[in-house]
Amino acid sequence: MTRVSPRFRDGFGRYAIAIVVVVLTLGIKLLFFGLGSDHPFVLLPAAVAVAAWYGGLGPGVLATLLVVIASVFFLLPPVGGGAEPADLVAMGGLVLESAVVVALSVGLRVARIRAETARAASAVAHREAAFALAVRDEMLSVWASEVRAPVADVESQARAALEDFVREGYTGAAGAKVRKLADEASVIGRVSRRWGQERDSTA
């Protein structure tokens with residue numbers, strides 16, 4: 001059994017809606033034949049508008065062709081059987097009106113789709129930003145609670161070792177290395193304190 005793709009079904013559905021709308025509108029027009037006696041094509045542009053709004057350009061053009069064909073067969077006198085130039089002018093007006101309706105409806109539909117896409121993208125960006133902030137806060141929390149204290153202890157021990165070196169008169173190369181370790185631990189401690197303050201301010 002051949003499977004029909006969802007994209008094909010969606011496209012077929014849009015064109016089917018255009019056909020159904022035109023048929024229903026023509027049925028209403030024929031059922032109430034006196035409706036819009038001064039304008040034989042009343043309601044037909046509305047069918048085109050619905051088809052173009054729901055389905056886009058293709059269904060809108062199809063609806064336009066259908067209303068023109070239906071008007072020739074059902075709403076206008078046969079050629080040579082009473083058709084007047086005014087009828088042809090009215091038909092031209094119908095085509096022009098339908099074209100304008102299709103253009104406006106398609107433009108509004110595209111704008112609506114773009115707005116929905118932008119709104120969806122904004123929602124995704126908002127969720128990603130919230131996730132990034134949550135990860136940052138978690139990292140800051142771990143750093144402040146698990147790292148800051150050991151780093152402070154390293155700095156304290158290094159400073160104490162330097163004092164012992166001075167007291168004992170040690171002048172070897174290890175003193176410079178311990179001093180560098182103490183300075184780096186001090187920098188890390190200041191950064192961790194600042195991160196802790198940022199975490200507390202956003203909590």
State all residues of segment 161-173 that are open to solvent by 40 Å² or more (accessible area, probe 1.4 Å) and part of a helix (DSSP H, G or I); if no residue qualifies, say none. 163, 164, 165, 166, 167, 168
Looking at segment 87-97, is at least one residue open to solvent by 90 Å² or more (accessible area, probe 1.4 Å) and modelled with pLDDT under 85? yes
So residue 124, is it at pLDDT 75 or above, closer than 17 Å to residue 52 by Cβ and part of a helix (DSSP H, G or I): no
Answer yes or no as to whether residue 70 is under 19 Å from residue 44 (Cα atoms), within 28 Å of the chain's Cα centre (by Cα) and modelled with pLDDT of 80 or more. no
Could you please let me know if residue 194 is part of a helix (DSSP H, G or I), modelled with pLDDT under 75 and loosely packed, with under 14 Cβ neighbours inside 10 Å? yes
Just wondering, is there one or more residues in segment 26-40 that are modelled with pLDDT under 80 and in contact with a Ser or Thr (Cβ under 8 Å, 6 or more places away or on another chain)? yes
Can you find a residue in segment 107-120 that is out of contact with any Phe, Trp or Tyr (no Cβ under 7 Å at 6 or more places or on another chain), touching a residue at least 12 places away in the same chain (Cβ under 8 Å) and of a type in the set (Ser, Thr, Tyr)? no
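The values are calculated or read from the model by the stated rules, or taken from the named source; none is laboratory data. Please read all numbers here as calculations on a predicted model, not as lab measurements. Here the Cβ is made from the backbone with ideal geometry for all residues, glycine too, and neighbour counts use every protein chain on show. These accessible areas exclude ligands, DNA and RNA; they are computed on the full protein's heavy atoms, side chains included. Shrake-Rupley method; radii C 1.70, N 1.55, O 1.52, S 1.80 Å.
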